[in-house]
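Trainee: So that we are looking at the same thing, I have put the structure below in structure tokens.
The values are calculated or read from the model by the stated rules, or taken from the named source; none is laboratory data. None of these values were measured; they are calculated from a predicted model. Cβ placement follows ideal geometry from the backbone for every residue including glycine, while neighbour counts extend to all protein chains displayed. All accessible areas refer to the heavy atoms of the entire protein, side chains included, with ligands and DNA or RNA removed. Shrake-Rupley method; radii C 1.70, N 1.55, O 1.52, S 1.80 Å.
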Amino acid sequence: MQHNFTTIQQYSTGRKETTVVLSFSFQEHELFIGLYDGKALPKSSIFYSTRIFSSNIKNSIGKKETEEYFIKHACLSRNTYRMIEQDDFDINTSLHTIVRGEDEAAMVESVGLALVKLPDVLNRLKPDVMIVHGDRFDALAVATSAALMNIRILHIEGGEVSGTIDDSIRHAITKLAHYHVCCTRSAELHLIAMCEDHKRILLAGCPSYDLLLNAKTKDYQSILQTWLGDDVKPKEYIVALQHPVTTNIKHSVKMFELTLNALITFEKRTLILFPNIDAGSKEMVRAMRKQGIEQNPNFRAVKHIPFEQFIQLVAYAGLMIGNSSCGVREAGAFGTPVINLGTRQTGRETGENVLHVRDADCQNKILHALQLQFAKQYPCSKIYGDGNAVPRILKFLKSIDINEPLQKNFCFPPVKECISQDIDHILETQSALAVDLGGTNLRVAIISMQGDLIKKYIQPNPETFNERIALIRKMCVDAATESVNLNCRILGVGISTGGRVNPAEGIVLHSTKLIQEWISVDLRTPISDALHLPVWVDNDGNCAALAEKKYGHGKGVENFVTVITGTGIGGGIIHNSELIHGSMFCAAELGHIIVSLDGPECMCGARGCIEAYASGMGLQREAKKLHDEDLLMVEGMSIKNEEAVSAVHLIQAAKLGNTKAQNVLRTAGTALGIGIVNILHTVNPSLVILSGVLASTFESMVKDVIAQRALSSTQNVEVLVSDLLEPALLGAASMALDYATRRTY
């Protein structure tokens, strides 16, 4: 099964305008070219489609406009040929271009035969633009023919890095191509480093993800039964797909033998597909038959599976193993666990669902990997696409001026720093969804890479667990949907919540009393499953520190502490530019530093915590005491009958000269200052950032306490009040943006 076989070419022919799509696969040794006529198109109108894209066309450009475009198909697989016929496309011509032999010489002869036969086809079609996909040797033959015949080439999925000869072929096609559509930000940077003109590069994502992200079907059970038997269940079987590595055939065959041994020992139902026809495939087939794979009751060995059914089998598998690009690309769309074997995909960007076994000298290493990965749960990955590649490619194609000079220009070093896409092709802002789960309200915002709050959504926080999860999902889905209209590309989701959080697993271990029923809650999985996006979760104090690190006073500072003064007291510690979580994920619980042995009781159960003195709740408690004793109100103040006494009234009274209120604030500020002195003596930061609604109230008092009580070596520490209006949301967004942009487009 060569499921990602599609190589695409599009043509708008000379006097009678048509559009042509060529799909290539050498799996079954034939090239079919389908062509039929239609209404004339403007010369500048260029459109393409393949079977992967067909269901998205009408949604992308509209039904009426779709009917005015005309598609021609050519493919190199009888199975592909039948699939194209099923889609009501006529097949006009076939070219036999594959030389049998499955060795290095046969590959060379096949390329040569294609080069001999393709010129006649291209002379007849007279295309304006040819679209070449991927890195197979057949694609190199097509690209070479087009380049020598002065046909514009658009290359899809260039710039990526992998093992084997495919790397060299892919980069060779890149140098022949005039336009480039890449899947990831890294691939785009590689193309720029290869001296390609960044104005002719589109970062679109992988077109197959347009269907993959919504590919799961309710009828999957019948597909599983067809290929694996009546008794198989989801997540209880393995899909194995391993191809020869043409640059080291002997080693790749040896690893395949070890893989078979490990799978036999593991004793799970396994659907194994025959390798492709690259050099070395005959040896791998011999290894399968030597092991008796086709007779083993735990195995189902097949040569071809229709693409739609294969994807369902991958989506519901407990594991995929081998060295196919499907494992490092498509499988991530479903969160399917993957074991990537050997060097064939070396350099590919992969999600957290992929475990690499680069080399294996015995089957035990592969067997151990099987035990680690089988049936493991992973969130869906969007490294290679977000489901909107086809509309972007259509827009890019329509922008191509076929009247501009054909001569290709290279941008030699120094390489220019450039934006992700040319603004004429696509206007999108890299953004994240930020979620702030507070005791009163649930807030979701779309935040750009620059920290701009593009749109914010607020709803009261439901009291029950199920209602709260449902509302978070709905608000995130609604925001992600609206982000398209706001020209925002959502890279991930960051969630800020109170309490103790395991960020590695995305689980709230224990929350504050303000959020009920919030213990051992997995926030990552339901949000990731709903949006098909990576999700990060952390404590609100840590998020505030991350916000300062990316957007605030902490930018460029290696060691600093953020202290949040609000309803409670919290914070985060940045040490050597990294956030400290602690062994039990409760580092930086700054509000519970004890500054008095017999102080007021804190909500944590202890006495004398900073939070008991200096938090909004602590000040409210003291304000109520003064009010009950008629010691709070002074001239110029008024409290309505239905209005609750709060910290705001205490601060107002102090500003109007109430000495009792001033003493309360002075005690609270001293307690906070002593706590910060303890922090200075423990982690020795160069900067302390006060954040939250009470920050400006305590600033001068904290500075005085440091000057009076801190060691002389720490007295010069800088204390600043945060300028950030939404630290929790900004910090949540920074988790997604900082991580996602290192791996995705």
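Trainee: Give me the net charge of T481's neighbourhood, meaning all other residues with Cβ under 14 Å from the Cβ of T481; Lys, Arg count +1, Asp, Glu -1.
Mentor: That sum, taken over residues with Cβ under 14 Å, equals +1.
Trainee: Using only the heavy atoms of the protein chains and a 1.4 Å probe, how would E635, E629 rank by accessible area, largest first?
Mentor: E635, E629
Trainee: Expressed in nm to one decimal, what extension gain is obtained for the pair K625 and Y220 from 0.36 nm per residue of sequence separation less their Cα-Cα distance?
Mentor: In short, 139.3 nm is gained.
Trainee: With all protein chains present, how much of the accessible area of the stretch 215-373 (probe radius 1.4 Å) comes from carbon and sulfur, to the nearest whole percent?
Mentor: 48
Trainee: If I model a spin label as a point 7 Å beyond the Cα along the Cα-Cβ vector, how far apart are those points for F412 and H575 in nm?
Mentor: With each label placed 7 Å out from Cα toward Cβ, I get 5.2 nm.
Trainee: Go through 470-477, 441-448, 538-545 and give me the packing order, highest mean Cβ count within 10 Å leading.
Mentor: 538-545, 441-448, 470-477
Trainee: If contacts are Cα pairs under 8 angstrom and at least 6 residues apart, what is the relative contact order of the stretch 118-230 in percent?
Mentor: 20
Trainee: Would you please give the FRET efficiency between Q295 and E505, computed as 1/(1 + (r/R0)^6) with r the Cβ-Cβ distance and R0 = 41 Å, to the nearest 0.05?
Mentor: Efficiency, from the Cβ-Cβ distance: 0.45.
Trainee: Still on this structure, please answer the following. Once you have a ≥ b ≥ c as the square roots of the Cα gyration tensor eigenvalues for the stretch 262-329, tell me rounded if a/c is under 1.5, and otherwise prolate or oblate according to whether a/b is larger than b/c.
Mentor: Oblate, since a/c reaches 1.5 and b/c is not below a/b.
Trainee: Another question about this same structure. Percent relative contact order of the stretch 559-723, based on C-alpha pairs within less than 8 angstrom and at least six residues apart?
Mentor: Reported as a whole number, the value is 23 percent.
Trainee: Here's another thing I want to ask about it. List residues of the stretch 600-641, by number, whose backbone nitrogen lies under 17 Å from a label position 7 Å along Cα→C-beta of K660.
Mentor: Those under the cut-off are 619-639.
Trainee: Name the shape class, rounded, prolate or oblate, that the alpha-carbon gyration tensor gives for the stretch 540-662, where a ≥ b ≥ c are the square roots of its eigenvalues, rounded holds for a/c under 1.5, and otherwise prolate holds if a/b is larger than b/c and oblate otherwise.
Mentor: Note, shape of the stretch 540-662 comes out prolate.
Trainee: For each pair in K456/K549; K550/K625; K175/K398; K455/K549; K456/K550; K550/K624, compute the distance between the two Cα atoms and list the pairs where it is over 31 Å.
Mentor: Pairs exceeding 31 Å: K550/K625; K550/K624.
Trainee: Now, a different point. Given the protein chains as shown and a 1.4 Å probe, how many square angstrom of R269 are accessible, to the nearest 10?
Mentor: It works out to around 50 Å².
Trainee: Go through 597-607, 140-150 and give me the packing order, highest mean Cβ count within 10 Å leading.
Mentor: Ranking the peptides 597-607, 140-150 by packing returns 140-150, 597-607.
Trainee: Around E236, with a cut-off of 15 angstrom between Cβ atoms, what is the net charge of the other residues, counting Lys and Arg +1 and Asp and Glu -1?
Mentor: Net charge in that neighbourhood comes out at +3.
Trainee: Also: Between V108 and E482, how many nm apart are label points set 7 Å from Cα along the C-beta direction?
Mentor: 6.2
Trainee: Got a sec? Which residues in the stretch 281-311 would a label at D231 touch, if it sits 7 Å along Cα→Cβ and we count backbone N under 19 Å?
Mentor: Label zone hits: 294-301.
Trainee: Report the Cα centroid-to-centroid distance between the stretch 634-710 and the stretch 307-351 in angstrom, as an integer.
Mentor: 56
Trainee: First measure r as the distance between the Cβ atoms of T346 and K254, then evaluate 1/(1 + (r/R0)^6) with R0 = 25 Å and state the FRET efficiency to the nearest 0.05.
Mentor: The computed FRET efficiency comes out at 0.90.
Trainee: Per 0.36 nm of contour for each residue apart, how much would the distance between I639 and K398 grow if the chain were fully extended, relative to their Cα-Cα spacing?
Mentor: Going from the current span to full extension adds 80.2 nm.
Trainee: Separate question: Given the Cα-Cα distance of T440 and A172 and 0.36 nm per residue of separation, how much length would full extension add, in nm?
Mentor: Taking T440 through A172 to full extension adds about 90.7 nm, to one decimal.
Trainee: Kindly flag which residue pairs out of K235/K268; K216/K268; K233/K376; K250/K290 have an alpha-carbon separation exceeding 20 Å in this structure.
Mentor: Going by Cα-Cα distance, K216/K268 fall outside the 20 Å limit.
Trainee: Could you compute the FRET efficiency for E308 and A470, with r as their C-beta to C-beta distance and R0 at 41 Å, rounded to 0.05?
Mentor: The formula returns an efficiency of 0.85 here.
Trainee: Which order do V557, V702 take by accessible area at a 1.4 Å probe, largest first?
Mentor: Of V557, V702, the descending order of accessible area is V557, V702.
Trainee: Roughly how many Å² of E352 are accessible to a 1.4 Å probe, to the nearest 10?
Mentor: Roughly 100 Å² of E352 is accessible to a 1.4 Å probe.
Trainee: Can you give the accessible area of E267 in Å² (nearest 10), computed on protein heavy atoms with a 1.4 Å probe?
Mentor: 130
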